[in-house]
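**Q** Pasting a structure below so you can have a look.
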Amino acid sequence: MISVNAGGQIFGIPAHRMARIAGAIYAVNILASPFAIVGPKTFLDLCCGLVSTAAYIVITILFYFLFKPVSRSVSFVAALFSMTGCIVGNWVVHVPPIPGVHFMVYFGFYCVLIGYLIIRSSFMPRFVGVLMMCAGAGYLTFLWQPFGNSLSPYNVIPGACAEITLTIWLLVKGVDQERWTEQSGAIAASATSFVARQTSMKGNLQ
């Protein structure tokens, strides 16, 4: 059975290499997104929309495992926001809009949480995390859609800059393998210690 976040690897692939794979998929998403945003006016737009959504789903999964050593719970919540954004965003692009929260809000929360995880990590530079949090803040202006629409496209420019910066960093640098392994090992040791304490307490009660 293939394990994840074990021995500095994710699905049997070293974390620094997996980060570069995530960067390559992120690049595909960025290239396809402009065609996807305009809606399925042509067959190319439809294909790009599907590719963009599929790429972001894969990115979300890979990011969950990449940042799980920082905080399993925060990484999981971030993944939920991203998956919801992909579903709602894909729905809005292909069918008439439905009342509710603007799909960019979900990606806003996602970017803020990813930025937080990057800042808290020891294997990526903090400035990338700060940029991602600024991107999220821009997307979150759509919490009140008239306000977000009035700021567009200026409120999404920080997002474009941050996500392109993150993509380039992942492609060129990846993550610091040694520090990622250390942080992953520290989380695993903490979890093992917690389980041991709980087992001991149950044994004492019996």
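No lab work stands behind these numbers, since they all come straight from the coordinates. Only a predicted model underlies this, so the values are computations on that prediction, with no experimental measurement involved. All Cβ positions, glycine included, derive from the backbone under ideal geometry; neighbour counts span all protein chains shown.
**Q** If I stretch the segment between Cys47 and Arg179 completely, what's the gain in nm (0.36 nm per residue apart, minus their alpha carbon distance), one decimal? Mind dumping the intermediate values first?
**A** Working: separation 132, 0.36 × 132 = 47.52 nm, distance 3.87 nm.
In short, 43.6 nm is gained.
**Q** On a full-extension model of 0.36 nm per residue, what is the gain between Tyr154 and Phe76, subtracting their alpha-carbon distance, rounded to one decimal in nm?
**A** 25.1 nm
**Q** Follow-up question, since we're still on this one. Measuring from label point to label point, each 7 Å out along Cα→Cβ, what is the Leu31 to Gln145 span in nm?
**A** Between Leu31 and Gln145, the simple spin-label model gives 3.3 nm.
**Q** Hand me the GluC sites (Glu not before Pro) from the stretch 74-182 located in a DSSP loop with no more than 15 other Cβ atoms within 10 Å, in residue order please.
**A** Sparse-neighbourhood loop GluC sites (Glu not before Pro): none present.
**Q** So which chymotrypsin sites (Phe, Trp or Tyr not before Pro) in the stretch 121-153 pass both tests, a DSSP loop state and at most 16 other Cβ atoms within 10 Å of the Cβ? Don't skip to the end; give the middle numbers.
**A** Values: sites: Phe123, Phe127, Tyr139, Phe142, Trp144, Phe147; in loops: Phe123, Trp144.
Loop-located and lightly packed - Trp144.
**Q** Kindly state, to the nearest 0.05, the FRET efficiency for Val130 paired with Val101, given R0 = 25 Å and r defined as their beta-carbon distance.
**A** Computed FRET efficiency for Val130 and Val101: 0.50.
**Q** Can you give me the P(r) profile for the stretch 9-174? Cα pairs, bins 5 angstrom wide beginning at 0, each as a whole percent.
**A** P(r) over the stretch 9-174, rounded to whole percents: 2, 10, 17, 24, 22, 14, 8, 3, 1, 0.
**Q** Note down the relative contact order for the stretch 9-174 as a percent, whole number, built from C-alpha pairs under 8 angstrom at least six residues apart.
**A** 23
**Q** Sticking with this structure for a sec: In debye, nearest 20: dipole of the stretch 9-174 around its Cα centre with unit charges on the Cβ of K, R (+) and D, E (-)?
**A** On the way: 8 positive and 2 negative charges, 98 e Å.
Its charge dipole is roughly 480 debye.
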